[in-house]
Amino acid sequence: MIRRKPEMLDVINYTLITLICVVMLYPFMNVVSVSLSSYSSYVQNPLMVWPEDVTLGAYKEIMKSGMLWRSYANTIIVTVSGVGIGILLYILTAYPLSKKALKGRRTLMLLIVFTMLFNGGLIPNFYLMRSLDLLDTLASLVLPALLTGFNLILMKNFFESLPEEIEEAARIDGASDPYILFRIVVPLSKPIIATLCLFAAVGYWNNFFNAIVYIRNPDNWPLMLYLREVIEGASTMARSANAAEMGAEMMTSETIKYATLVLVMIPILCVYPFLQKYFVKGIMLGSVKG
(Lines give C-alpha, C1' and ligand atoms only; values in the text may rest on other atoms or scores of the structure.)
Protein backbone atom coordinates (compact mmCIF):
# COMPACT_ATOMS: atom_id res chain seq x y z
CA MET A 1 0.00 0.00 0.00
CA ILE A 2 1.39 3.37 -1.07
CA ARG A 3 1.23 6.02 1.61
CA ARG A 4 -0.17 9.39 0.64
CA LYS A 5 2.30 12.23 0.93
CA PRO A 6 1.37 14.41 3.92
CA GLU A 7 1.03 17.63 1.88
CA MET A 8 -0.85 19.47 4.63
CA LEU A 9 1.94 18.75 7.08
CA ASP A 10 4.49 20.12 4.61
CA VAL A 11 2.43 23.29 4.19
CA ILE A 12 2.26 23.77 7.96
CA ASN A 13 6.02 23.17 8.34
CA TYR A 14 6.95 25.59 5.57
CA THR A 15 4.55 28.18 6.94
CA LEU A 16 6.02 27.94 10.45
CA ILE A 17 9.59 28.09 9.11
CA THR A 18 8.72 31.14 7.01
CA LEU A 19 7.15 32.89 10.00
CA ILE A 20 10.19 32.15 12.15
CA CYS A 21 12.50 33.54 9.45
CA VAL A 22 10.40 36.70 9.19
CA VAL A 23 10.41 37.18 12.96
CA MET A 24 14.19 36.78 13.04
CA LEU A 25 14.95 38.94 10.00
CA TYR A 26 12.57 41.80 10.73
CA PRO A 27 14.53 43.39 13.64
CA PHE A 28 17.73 43.35 11.60
CA MET A 29 16.04 44.84 8.54
CA ASN A 30 14.38 47.50 10.71
CA VAL A 31 17.71 48.50 12.29
CA VAL A 32 19.41 48.83 8.88
CA SER A 33 16.45 50.71 7.38
CA VAL A 34 16.20 53.22 10.22
CA SER A 35 19.96 53.84 10.14
CA LEU A 36 19.72 54.73 6.44
CA SER A 37 16.55 56.83 6.67
CA SER A 38 15.97 60.46 7.54
CA TYR A 39 14.47 61.47 10.85
CA SER A 40 11.19 62.59 9.28
CA SER A 41 10.78 59.19 7.61
CA TYR A 42 11.51 57.44 10.89
CA VAL A 43 8.90 59.50 12.73
CA GLN A 44 6.27 58.69 10.11
CA ASN A 45 7.10 54.98 9.98
CA PRO A 46 9.28 53.72 12.86
CA LEU A 47 8.52 50.07 11.96
CA MET A 48 9.84 50.41 8.41
CA VAL A 49 11.34 47.43 6.61
CA TRP A 50 12.89 49.33 3.68
CA PRO A 51 14.81 52.61 3.93
CA GLU A 52 12.89 55.76 3.13
CA ASP A 53 14.46 59.07 2.11
CA VAL A 54 17.90 57.44 2.22
CA THR A 55 20.69 59.39 3.91
CA LEU A 56 24.13 58.48 5.25
CA GLY A 57 24.19 61.33 7.76
CA ALA A 58 24.15 59.07 10.81
CA TYR A 59 27.06 56.98 9.52
CA LYS A 60 29.07 60.09 8.63
CA GLU A 61 28.59 61.49 12.12
CA ILE A 62 29.52 58.23 13.84
CA MET A 63 32.64 57.73 11.70
CA LYS A 64 33.97 61.15 12.68
CA SER A 65 34.63 59.79 16.15
CA GLY A 66 38.18 58.54 16.65
CA MET A 67 36.91 56.48 19.58
CA LEU A 68 34.94 54.26 17.18
CA TRP A 69 38.08 53.14 15.36
CA ARG A 70 40.00 52.81 18.62
CA SER A 71 37.24 50.60 20.00
CA TYR A 72 37.22 48.59 16.78
CA ALA A 73 40.97 48.05 17.07
CA ASN A 74 40.69 47.01 20.73
CA THR A 75 37.91 44.55 19.98
CA ILE A 76 39.76 43.06 17.01
CA ILE A 77 42.92 42.62 19.11
CA VAL A 78 40.95 40.99 21.93
CA THR A 79 38.99 38.73 19.58
CA VAL A 80 41.91 37.57 17.44
CA SER A 81 44.26 36.97 20.38
CA GLY A 82 41.53 35.32 22.46
CA VAL A 83 40.45 32.99 19.66
CA GLY A 84 44.00 32.08 18.65
CA ILE A 85 45.34 31.43 22.14
CA GLY A 86 42.09 29.80 23.25
CA ILE A 87 41.97 27.30 20.38
CA LEU A 88 45.60 26.33 21.02
CA LEU A 89 44.84 25.74 24.70
CA TYR A 90 41.70 23.74 23.84
CA ILE A 91 43.72 21.48 21.55
CA LEU A 92 46.56 20.98 24.03
CA THR A 93 44.13 20.29 26.88
CA ALA A 94 41.47 18.22 25.12
CA TYR A 95 43.84 15.88 23.29
CA PRO A 96 45.39 14.23 26.37
CA LEU A 97 42.00 14.18 28.10
CA SER A 98 40.62 12.18 25.17
CA LYS A 99 43.06 9.35 25.92
CA LYS A 100 41.74 6.67 28.24
CA ALA A 101 45.28 5.81 29.32
CA LEU A 102 45.70 9.22 30.99
CA LYS A 103 45.97 8.76 34.77
CA GLY A 104 43.50 10.83 36.79
CA ARG A 105 41.41 11.48 33.69
CA ARG A 106 38.11 11.02 35.50
CA THR A 107 39.15 13.34 38.33
CA LEU A 108 40.24 16.02 35.88
CA MET A 109 36.92 15.79 34.04
CA LEU A 110 35.00 16.12 37.31
CA LEU A 111 36.98 19.27 38.11
CA ILE A 112 36.23 20.68 34.65
CA VAL A 113 32.51 19.98 35.03
CA PHE A 114 32.64 21.57 38.49
CA THR A 115 33.84 24.84 36.93
CA MET A 116 30.74 24.80 34.71
CA LEU A 117 28.51 24.81 37.79
CA PHE A 118 30.44 26.98 40.24
CA ASN A 119 32.95 29.82 40.03
CA GLY A 120 34.68 32.24 42.36
CA GLY A 121 32.25 35.08 41.72
CA LEU A 122 32.60 38.68 40.66
CA ILE A 123 34.52 40.11 43.63
CA PRO A 124 37.20 37.36 43.81
CA ASN A 125 37.71 37.63 40.04
CA PHE A 126 38.11 41.40 40.34
CA TYR A 127 40.68 41.06 43.12
CA LEU A 128 42.48 38.41 41.08
CA MET A 129 42.78 40.76 38.12
CA ARG A 130 43.94 43.55 40.40
CA SER A 131 46.57 41.35 42.09
CA LEU A 132 47.88 40.40 38.64
CA ASP A 133 48.02 44.09 37.69
CA LEU A 134 45.71 43.47 34.73
CA LEU A 135 43.03 46.06 35.43
CA ASP A 136 42.56 48.54 32.61
CA THR A 137 44.38 46.29 30.14
CA LEU A 138 43.13 44.32 27.16
CA ALA A 139 44.52 41.17 28.78
CA SER A 140 41.73 41.40 31.38
CA LEU A 141 39.24 40.90 28.53
CA VAL A 142 41.13 37.98 27.00
CA LEU A 143 42.26 35.78 29.90
CA PRO A 144 38.97 35.12 31.78
CA ALA A 145 37.32 33.52 28.74
CA LEU A 146 40.24 31.58 27.27
CA LEU A 147 39.00 28.18 28.44
CA THR A 148 35.44 27.10 29.19
CA GLY A 149 34.39 23.66 30.35
CA PHE A 150 31.64 23.31 27.74
CA ASN A 151 33.89 24.00 24.76
CA LEU A 152 36.64 21.84 26.18
CA ILE A 153 34.28 18.88 26.51
CA LEU A 154 33.07 19.39 22.93
CA MET A 155 36.62 19.22 21.60
CA LYS A 156 37.53 16.25 23.81
CA ASN A 157 34.52 14.32 22.56
CA PHE A 158 35.42 15.15 18.97
CA PHE A 159 38.95 13.82 19.46
CA GLU A 160 37.48 10.65 20.96
CA SER A 161 35.34 10.16 17.85
CA LEU A 162 38.40 10.03 15.57
CA PRO A 163 39.56 6.49 14.61
CA GLU A 164 42.39 5.29 16.83
CA GLU A 165 43.81 3.28 13.93
CA ILE A 166 45.05 6.48 12.28
CA GLU A 167 47.23 7.37 15.25
CA GLU A 168 48.41 3.79 15.66
CA ALA A 169 49.52 3.67 12.01
CA ALA A 170 51.41 6.93 12.45
CA ARG A 171 53.18 5.64 15.56
CA ILE A 172 54.22 2.49 13.72
CA ASP A 173 55.82 4.75 11.11
CA GLY A 174 57.76 6.49 13.90
CA ALA A 175 55.67 9.65 14.31
CA SER A 176 55.93 11.46 17.64
CA ASP A 177 52.95 12.66 19.67
CA PRO A 178 53.34 16.35 18.66
CA TYR A 179 53.59 15.31 15.01
CA ILE A 180 50.45 13.17 15.30
CA LEU A 181 48.55 15.96 17.04
CA PHE A 182 49.41 18.87 14.75
CA ARG A 183 49.87 17.06 11.43
CA ILE A 184 47.13 14.43 11.66
CA VAL A 185 44.59 15.12 14.42
CA VAL A 186 44.28 18.89 13.99
CA PRO A 187 43.66 18.77 10.19
CA LEU A 188 40.95 16.17 10.79
CA SER A 189 39.36 18.41 13.44
CA LYS A 190 38.51 21.40 11.25
CA PRO A 191 34.74 21.17 12.00
CA ILE A 192 35.12 21.42 15.79
CA ILE A 193 37.90 24.01 15.54
CA ALA A 194 35.78 26.19 13.26
CA THR A 195 32.81 25.79 15.60
CA LEU A 196 34.79 26.80 18.68
CA CYS A 197 36.35 29.68 16.75
CA LEU A 198 32.86 30.96 16.02
CA PHE A 199 31.76 30.52 19.65
CA ALA A 200 34.85 32.30 20.96
CA ALA A 201 34.76 35.08 18.37
CA VAL A 202 31.13 35.92 19.07
CA GLY A 203 31.78 35.81 22.81
CA TYR A 204 34.78 38.14 22.66
CA TRP A 205 33.12 40.46 20.14
CA ASN A 206 30.03 40.85 22.32
CA ASN A 207 32.00 41.03 25.58
CA PHE A 208 30.35 43.70 27.69
CA PHE A 209 30.28 42.71 31.34
CA ASN A 210 34.02 42.11 31.76
CA ALA A 211 34.74 45.42 30.07
CA ILE A 212 32.50 47.28 32.51
CA VAL A 213 34.17 45.61 35.49
CA TYR A 214 37.82 45.76 34.45
CA ILE A 215 38.19 48.71 32.05
CA ARG A 216 38.18 52.36 33.11
CA ASN A 217 40.34 54.08 30.50
CA PRO A 218 38.25 55.00 27.41
CA ASP A 219 41.27 54.27 25.22
CA ASN A 220 40.86 50.58 26.10
CA TRP A 221 37.12 50.39 25.56
CA PRO A 222 35.86 47.57 23.33
CA LEU A 223 33.05 48.14 20.86
CA MET A 224 30.31 47.17 23.28
CA LEU A 225 31.31 49.86 25.78
CA TYR A 226 31.52 52.39 22.98
CA LEU A 227 28.04 51.32 21.84
CA ARG A 228 26.70 51.90 25.34
CA GLU A 229 28.30 55.34 25.37
CA VAL A 230 26.71 56.16 22.02
CA ILE A 231 23.29 55.02 23.18
CA GLU A 232 23.52 57.02 26.40
CA GLY A 233 24.95 60.12 24.77
CA ALA A 234 23.30 60.01 21.36
CA SER A 235 20.97 62.91 22.11
CA THR A 236 23.92 65.13 23.06
CA MET A 237 25.80 64.11 19.92
CA ALA A 238 22.79 64.93 17.77
CA ARG A 239 22.35 68.38 19.35
CA SER A 240 26.03 69.16 18.87
CA ALA A 241 25.99 68.23 15.17
CA ASN A 242 26.86 71.06 12.80
CA ALA A 243 23.57 72.16 11.26
CA ALA A 244 25.30 73.79 8.31
CA GLU A 245 27.04 70.52 7.41
CA MET A 246 23.87 68.47 7.91
CA GLY A 247 21.79 70.81 5.76
CA ALA A 248 18.18 69.66 5.63
CA GLU A 249 19.03 66.31 7.20
CA MET A 250 18.07 65.79 10.80
CA MET A 251 19.77 63.32 13.06
CA THR A 252 18.37 61.92 16.25
CA SER A 253 19.48 59.55 18.89
CA GLU A 254 17.61 56.75 17.15
CA THR A 255 19.37 57.02 13.79
CA ILE A 256 22.77 57.32 15.50
CA LYS A 257 22.09 54.30 17.71
CA TYR A 258 20.90 52.20 14.82
CA ALA A 259 23.85 53.17 12.64
CA THR A 260 26.24 52.19 15.42
CA LEU A 261 24.47 48.86 15.83
CA VAL A 262 24.93 48.12 12.14
CA LEU A 263 28.64 48.95 12.27
CA VAL A 264 29.08 46.68 15.29
CA MET A 265 27.26 43.74 13.66
CA ILE A 266 28.96 43.79 10.25
CA PRO A 267 32.21 41.92 11.12
CA ILE A 268 30.48 38.94 12.76
CA LEU A 269 27.96 38.77 9.91
CA CYS A 270 30.85 38.61 7.46
CA VAL A 271 32.66 35.84 9.34
CA TYR A 272 29.70 33.53 10.01
CA PRO A 273 29.02 32.37 6.39
CA PHE A 274 32.58 31.04 6.07
CA LEU A 275 32.23 28.91 9.23
CA GLN A 276 28.62 27.86 8.82
CA LYS A 277 29.37 24.65 6.88
CA TYR A 278 31.45 23.35 9.81
CA PHE A 279 29.05 24.49 12.52
CA VAL A 280 26.44 21.69 12.61
CA LYS A 281 28.97 18.93 11.95
CA GLY A 282 31.26 20.15 14.71
CA ILE A 283 28.47 20.40 17.26
CA MET A 284 26.95 17.00 16.44
CA LEU A 285 30.23 15.07 16.41
CA GLY A 286 31.46 16.84 19.51
CA SER A 287 28.38 15.98 21.55
CA VAL A 288 28.04 12.25 20.86
CA LYS A 289 30.18 10.91 23.69
CA GLY A 290 30.12 11.84 27.34
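The values are calculated or read from the model by the stated rules, or taken from the named source; none is laboratory data. Please read all numbers here as calculations on a predicted model, not as lab measurements. Please note: Cβ atoms are built from the backbone with ideal geometry, for glycine as well, and neighbour counts cover all protein chains shown. Side chains included, ligands, DNA and RNA excluded: accessible areas come from the protein's heavy atoms. Shrake-Rupley method; radii C 1.70, N 1.55, O 1.52, S 1.80 Å.
Here are the numbers for this structure:
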item: Kirkwood Rh, Cα atoms: Rg over Rh of segment 6-47; result: 1.29
item: Förster-model FRET efficiency, 35 Å R0, Glu165 and Phe126, C-beta, rounded to 0.05; result: 0.10
item: Range of Cα positions in segment 140-214 per principal axis (Å), largest first; result: 53, 19, 17
item: Table column - 3J(HN,Hα) (Hz), segment 157-163, Karplus curve with 6.51, -1.76, 1.60, x for Gly and Pro; result: 5, 5, 4, 5, 7, 6, x
item: Residue order for Glu52, Glu167, Glu232 - accessible surface, 1.4 angstrom probe, largest first; result: Glu232, Glu52, Glu167
item: Extent along principal axes [Cα atoms of segment 48-199; Å; largest to smallest]; result: 68, 40, 30
item: Whole-number D in µm² s⁻¹ for segment 1-118, Kirkwood Cα-pair radius fed into Stokes-Einstein, 20 °C, 1.002 mPa s; result: 103 µm²/s
item: Accessible-area composition of the chain, carbon plus sulfur, in percent [1.4 Å probe]; result: 68 percent
item: Percent RCO, i.e. relative contact order, over the chain, from Cα pairs under 8 Å lying at least 6 residues apart; result: 31 percent
item: Val11-Leu102 FRET efficiency (beta carbon distance; Förster radius 45 Å; 0.05 resolution); result: 0.25
item: Solvent exposure ordering (accessible area, 1.4 Å, most first) of Phe150, Phe28; result: Phe150, Phe28
item: Residues of segment 83-103 with amide N under 16 Å of the 7 Å Cα→Cβ point at Leu147; result: 83-99, 103
item: For the chain, the longest site-free run once trypsin sites (Lys or Arg not before Pro) in DSSP loop states with at most 15 other Cβ atoms within 10 Å are removed; result: 104-215
item: The chain - accessible surface per residue (Å², probe 1.4 Å); result: 60 Å²
item: Largest-first ordering by accessible area, 1.4 Å probe, given options Trp50, Trp69, Trp205; result: Trp50, Trp69, Trp205
